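Since the structure comes first, as C-alpha cells, the remarks are kept for the end.
The values are calculated or read from the model by the stated rules, or taken from the named source; none is laboratory data. Since the model is a prediction, treat every value here as computed from it, not as a measurement. With ideal geometry, Cβ positions are generated from the backbone for all residues, glycine too; neighbour counts draw on all protein chains shown. Just the protein is used for accessible areas: all its heavy atoms, side chains included, with ligands, DNA and RNA removed. Shrake-Rupley method; radii C 1.70, N 1.55, O 1.52, S 1.80 Å.
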Amino acid sequence: MLFRVDEEKDFLKALRRVCKESVLAIEQGYSFIILSDRGVDKERAGLPSLLATGAVHQHLIRKAMRSQLGIIVETGEPREVHHFALLLGYGADCINPYLVYQSLEYLIAMRQPRLDYKTALKNYRRAIDKGILKILSKMGISTLASYRGAQIFEALGINAEVIEECFSGTVSRINGAGYKEITQEVLLRHRQAYPKDGL
C-alpha cells in the first residue's frame, strides 16, 4: 500500500493498482492477499489502511469476486478498538497491527508496564477482542462473519467520489474531503515523520 511522495498523483494510482492486483491474485489462484504498509521511508508513504481495504473490498464486490479472496491487513495504523472495528466493517478478514506489537516491546524494555511481553500482548489482544464483542452485542450482531464487510457506519466529511469508490453504500450527509485532501493529509504526516532538515 505504498506510493511515492514526490508524485502526488501516485496516491490514486497506488490505490487503483492495489485493486487491480487483488483481481489478478484471484486469477492466479491465490485465496488471500496481504495489504501492507510496511516499508514506509523517505521516498514512500502508505495509503490509509481503511481506504485501501474499503477500495479492494468494493472493487471485488463490483467484479463479483469478493467471496474468492480473503483480505489480511498488515498496518501500523490501528491501535484502538474503533480502528479494528472500522477495518473489519469495511472488509478486512484479519488484521496485523505490527506497530502496536513493536510499541509493546519498546514499553516492556523501558519497564513502563511491569509485565513480560507475552502477558502484555495477551492483555492487549483480549482488550481488543472484548471491545469488538461489545460493539457487536450493542448492534445485535451475534458473529464476526455477519459484521465483516457490513459497513454499518455513517461517514462525516467525506467526498461522494471517495464514498462511491471505497465505501459504497455508506451514508454520508456531510460532503467533505476528497482524494486530494486525503493525499495532502497523508503527505503532511509523512513530512513530519521525515523532515528535510533531518531534525
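Structure data summary
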quantity	calculated
Members of segment 161-188 that are out of contact with any strand residue (DSSP E or B) (no Cβ under 6 Å at 6 or more places or on another chain), assigned to a helix (DSSP H, G or I) and surrounded by 12 or more Cβ atoms within 10 Å (Cβ to Cβ)	Val162, Glu164, Glu165, Cys166, Tyr179, Lys180, Glu181, Ile182, Thr183, Gln184, Glu185, Leu187
Residue match in segment 46-61 (condition: in contact with a helix residue (DSSP H, G or I) (Cβ under 9 Å, 6 or more places away or on another chain), open to solvent by 60 Å² or more (accessible area, probe 1.4 Å) and over 14 Å from Arg189 (Cβ atoms))	no
Given (1) over 19 Å from the mean Cα position of the chain (by Cα); (2) open to solvent by less than 50 Å² (accessible area, probe 1.4 Å); (3) closer than 25 Å to Ser67 by Cα; (4) among the aliphatic types (A, V, I, L, M), index of the condition Ala92 fails	(1)
Residue within segment 135-146 that is free of Cβ contacts under 8 Å to residues at least 24 places away in the same chain, open to solvent by 100 Å² or more (accessible area, probe 1.4 Å) and part of a loop (DSSP other than H, G, I, E, B) present	yes
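Residues are listed down the side, and each one gets a yes or a no for (1) touching an Asp or Glu at 6+ places or on another chain (Cβ under 6 Å); (2) acidic (Asp, Glu); (3) at pLDDT below 90; (4) under 24 Å from Val100 (Cβ atoms):
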{"residue": "Leu133", "(1), (2), (3), (4)": "no, no, no, yes"}
{"residue": "Tyr147", "(1), (2), (3), (4)": "no, no, yes, yes"}
{"residue": "Ala160", "(1), (2), (3), (4)": "no, no, no, no"}
{"residue": "Arg189", "(1), (2), (3), (4)": "no, no, no, yes"}
{"residue": "Gly198", "(1), (2), (3), (4)": "no, no, yes, no"}
